[in-house]
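Below is one structure; the comments refer to it alone.
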Amino acid sequence: SIIWTPQEIRRQFPSLEQKVHGSKPLVYLDNAATTQKPQTVLDALIQHYNYSNANVHRAMHVLADRATEALEDTRKTVQEFINAPGAEEIIFTSGTTASINLVASSYGQVYIQPGDEIIISHMEHHANIVPWQMLCQTRKAHLKVIPIDDRGELIMSSFEQLLTAKTRLVAVAYASNNLGTINPIQEIIAKAHHAGALVLIDAAQAAAHLLIDVQSLDCDFLAFSAHKAYGPTGVGILYGKRALLEQMPPYQGGGEMIKEVTLSSSTYNDIPYKFEAGTPNIADIIGFRAALDFIRNLGWSIINKHEKELTSYTQHLLGKIDRIRLIGTATDKVGIVSFTVDKMHHLDVGMLLDAQGIAVRTGHGCAQPLMQRLGVEGIVRVSLAVYNTFEEINYLAHVVAKIVK
Ligand code: PMP
């Protein structure tokens, strides 16, 4: 890995250099919504459109070859990034949401029978709740929920009690996008497998912050979004074990996913193409490779060390402020510090922070059931990335303290 100073990391992100509301330096702390993009990603997009813009897999010409090669290169890079056994186990989608819907629809419609059970947790993003509700409704299956404690950790003894011979699938987040909690997914996967169930990991909030190794985890499916990992919007990844993907029916029909089509019937392409109907988001997939290289060049030890220290520091400074209630105090956390302010609406806090150049998320964070569990209508969420600095957190704490007064 390359040793960059914090300033050298920041300089790679042109969007971080801007001022907002006239003269306020941008303090971007909404990385769980989407991260900013390094210059190398932007360069890759322009390079593609200027030099290799063509559709992939189809034509016999130079540009088509370049585009196809670059797209498949990203697939290989993703394979290495999550240590998947094969590149054909990496499916390009439009995002985590699309990846989870693909599994719910394709796997679910065939393998979920009436009376079967699916387990999620109380801290899931709507993208890992609603597709399973829809599936349970059409297949007459039951959705069960792992409860969480007041610190925002899964209650594992309850999970064990929820597992039955009828459990087909467990779908949980690697890390919560609102609490920051890193879930014990290794243990969840082992216990689910022991009960004969498959496991889907929602790694949207993990991909840029935690090493993912699908072989050592032994998860059956894993989903994440490029845009939360320094890459372009509109690109998602679905990893699935080869044997499962091969048994699953296509999700959508169209070009690219077929072998042969007659007017009466069609045969389907091999994986991953069977699940990639239509023209993919070629440019953004190619751009994502540069984001993965950025993470690889930095290295997990630097990312983890910096984000851990910054998270504790943020929690420490905000926790000292009167009338602030920290939300999510799990021992093992990614860089998310959420809070509410006594007698103040979260939207007002967000607006006042924005006026000082500080970008945070306010509201239910796409997790209304979690808000119901916490007994709040919404939260203020500070979410960190590797380019955030201690100076920014000092400024945040200073402004929050003023607002609260
Ligand atoms: N799951 C989690 C944990 C997330 O944080 C997000 C994005 N905020 C999603 C799912 C959905 O991702 P996308 O909107 O990119 O499909």
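Cα centroids of the range 337-403 and the range 5-50: 21 Å apart.
Here the gap between Lys259 and Lys76, fully extended at 0.36 nm per residue and compared with their Cα-Cα distance, gives a gain of 63.6 nm.
For the range 167-256, the equivalent ellipsoid built from the Cα gyration tensor has semi-axes of 21, 21, 10 Å, listed from largest to smallest. For the set Lys144/Lys228; Lys144/Lys166; Lys24/Lys228; Lys19/Lys405; Lys343/Lys402; Lys76/Lys241, the pairs lying more than 18 angstrom apart at their alpha carbons are Lys144/Lys228; Lys24/Lys228; Lys19/Lys405.
As a rough guide to protection, the peptides 356-367, 46-57 ranked by mean Cβ packing within 10 Å, highest first, stand as 356-367, 46-57. Karplus-based coupling profile of the range 94-99, in residue order and whole Hz: 8, x, 4, 4, 5, 5, with θ = phi - 60° in 6.51 cos²θ - 1.76 cosθ + 1.60 and x standing for Gly or Pro. Looking at the square roots a ≥ b ≥ c of the eigenvalues of the Cα gyration tensor of the range 229-377, which shape do they give, rounded for a/c under 1.5, prolate if a/b is larger than b/c, or oblate? The shape class here is prolate. Over the range 208-287, what is the relative contact order in percent, taking alpha-carbon pairs closer than 8 angstrom and at least six residues apart? This gives 25 percent for the range 208-287.
In the chain, helical runs assigned H by DSSP with n ≥ 4 each contribute -39500 (n - 2.57); averaged across all residues and rounded to the nearest 500, the mean residue ellipticity at 222 nm is -12000 deg cm²/dmol. A Cβ-based charge dipole, computed about the Cα centre of the chain with Lys and Arg at +1 and Asp and Glu at -1, lands at about 800 debye. Based on the alpha-carbon gyration tensor of the range 304-405 and its eigenvalue square roots a ≥ b ≥ c, which shape applies: rounded if a/c is under 1.5, prolate if not and a/b is larger than b/c, or oblate? Cα axes put the range 304-405 in the oblate bin. Only protein heavy atoms count here; on that basis, with a 1.4 Å probe, Arg242 has an accessible area of about 110 Å².
Carbon and sulfur: what percent of the chain's accessible surface (1.4 Å probe)? Result for the chain: 53 percent of the exposed heavy-atom area is carbon or sulfur. Of all beta bridges that DSSP places with both ends in the range 143-277, some 55 percent have antiparallel geometry.
Translational diffusion of the range 31-86, estimated by Stokes-Einstein from the Kirkwood radius over alpha carbon pairs at 4 °C in a medium of 1.567 mPa s, is 100 µm² per second. With contacts taken as Cα pairs under 8 Å at a separation of at least 6 residues, the chain carries a relative contact order of 22 percent. Here the contact order of the range 42-119, divided by its residue count and restricted to Cα pairs under 8 Å and six or more residues apart, works out to 14 percent. The base-10 log of I(q)/I(0) for the range 18-167, evaluated at q = 0.09, 0.16, 0.17, 0.20 Å⁻¹, reads -0.52, -1.08, -1.12, -1.25 [Debye formula, identical scatterers on Cα atoms, solvent excluded]. Taking Cα centroids, how far is the range 305-322 from the range 245-299 in Å? Here the answer is 41 Å between Cα centres. The accessible-area ordering, largest first, of the residues His306, His61 stands as His61, His306, per a 1.4 angstrom probe. Among 16-28, 89-101, the peptide with the highest mean count of other Cβ atoms within 10 Å heads the list, and the full ranking is 89-101, 16-28. In the range 125-191 the Cα-Cα distances spread across 10 Å bins starting at 0 as 18, 52, 29, 2 percent of all pairs. Quick one: grab the alpha carbon gyration tensor of the chain, order the square roots of its eigenvalues as a ≥ b ≥ c, and give me rounded if a/c is under 1.5, else prolate or oblate depending on whether a/b is larger than b/c. Oblate, because a/c is 1.5 or more while a/b does not exceed b/c.
The values are calculated or read from the model by the stated rules, or taken from the named source; none is laboratory data. Please read all numbers here as calculations on a predicted model, not as lab measurements. Note: ideal-geometry Cβ built from the backbone for every residue, glycine included; neighbour counts use all protein chains shown. Accessible surface is based on the protein model in full, side chains and every heavy atom, while ligands, DNA and RNA are left aside. Shrake-Rupley method; radii C 1.70, N 1.55, O 1.52, S 1.80 Å.
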